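What follows is a short report on a single structure.
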Amino acid sequence: MRFVIASGEGIDPSGYLAQLPRIAPALPPGARAFAEAQGHYDLNGPRCVKDLVLSRVDFDSTETEVTLELRFRHRCGQHVENLLLRYYGVSGFMLESPEWSRYGPLLLDEVLPHAHGLSHEIGHQAGSLAVIARDLSASWTASDCPERSSALTQA
């Protein structure tokens, strides 16, 4: 990653957050919304991507476009929702290792402008992946986390 520091010594998004006001206007609309979403880089927040686990990778292609879906599942505790990222107009995809199911929890990510739209690098404890695409959409979905069920019952 270019600005986010994610190492054995800790995770620090401050370098990226300092650059985000400058780079956000150059991001496609969906990527910009995802990068600027409240709580995205709040390391203790429920919608921070930290600690999510990559659970599924799906490609689809038509004659005119390649799409990619990355599904991340919660690990309960901090998160009670799962995250689905859909990339449109995919022109590049890199897995550090083909064993993506062993990457472990997500550390942090970085969305940057790219000549084709955006580049999105996602760092995990045991590997990383990167996507180049025209744009992306992000959606958080309810999960079956026991903490979520008890919290909703008590409310």
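What to note about this one:
- Against the test of being assigned to a helix (DSSP H, G or I) and either within 18 Å of Glu110 (Cβ to Cβ) or without any contact (Cβ under 8 Å) to a residue 12 or more places away in the chain (or both), the options Arg32, Arg47 yield a single qualifying residue, Arg32.
- All strands (runs of 3 or more DSSP E) inside region 74-138 with 3 or more residues being among the basic types (Lys, Arg): none
- Residue count for region 15-29, restricted to those that are touching a strand residue (DSSP E or B) at 6+ places or on another chain (Cβ under 9 Å), assigned to a helix (DSSP H, G or I) and touching a residue at least 24 places away in the same chain (Cβ under 8 Å): 4
- Filtering region 50-64 to residues that are in a loop (DSSP other than H, G, I, E, B) and within 16 Å of Leu129 (Cβ to Cβ) leaves Lys50, Leu52.
- Applying the criterion of being free of Cβ contacts under 8 Å to residues at least 40 places away in the same chain and touching a Phe, Trp or Tyr at 6+ places or on another chain (Cβ under 7 Å) to the residues of region 66-122, the residue that is nearest to Ser55 (Cα to Cα) is Thr67.
- Members of region 93-140 that are aromatic (Phe, Trp, Tyr) and within 23 Å of His74 (Cβ to Cβ): Trp100, Tyr103, Trp140
- Of all residues in region 1-14 being touching a Leu at 6+ places or on another chain (Cβ under 8 Å) and either in a helix (DSSP H, G or I) or crowded, with 18+ Cβ neighbours inside 10 Å (or both), the one that is modelled with the lowest pLDDT: Ala6
The values are calculated or read from the model by the stated rules, or taken from the named source; none is laboratory data. Owing to the predicted nature of the structure, the values given are computational and were not obtained by experimental measurement. Note: ideal-geometry Cβ built from the backbone for every residue, glycine included; neighbour counts use all protein chains shown.
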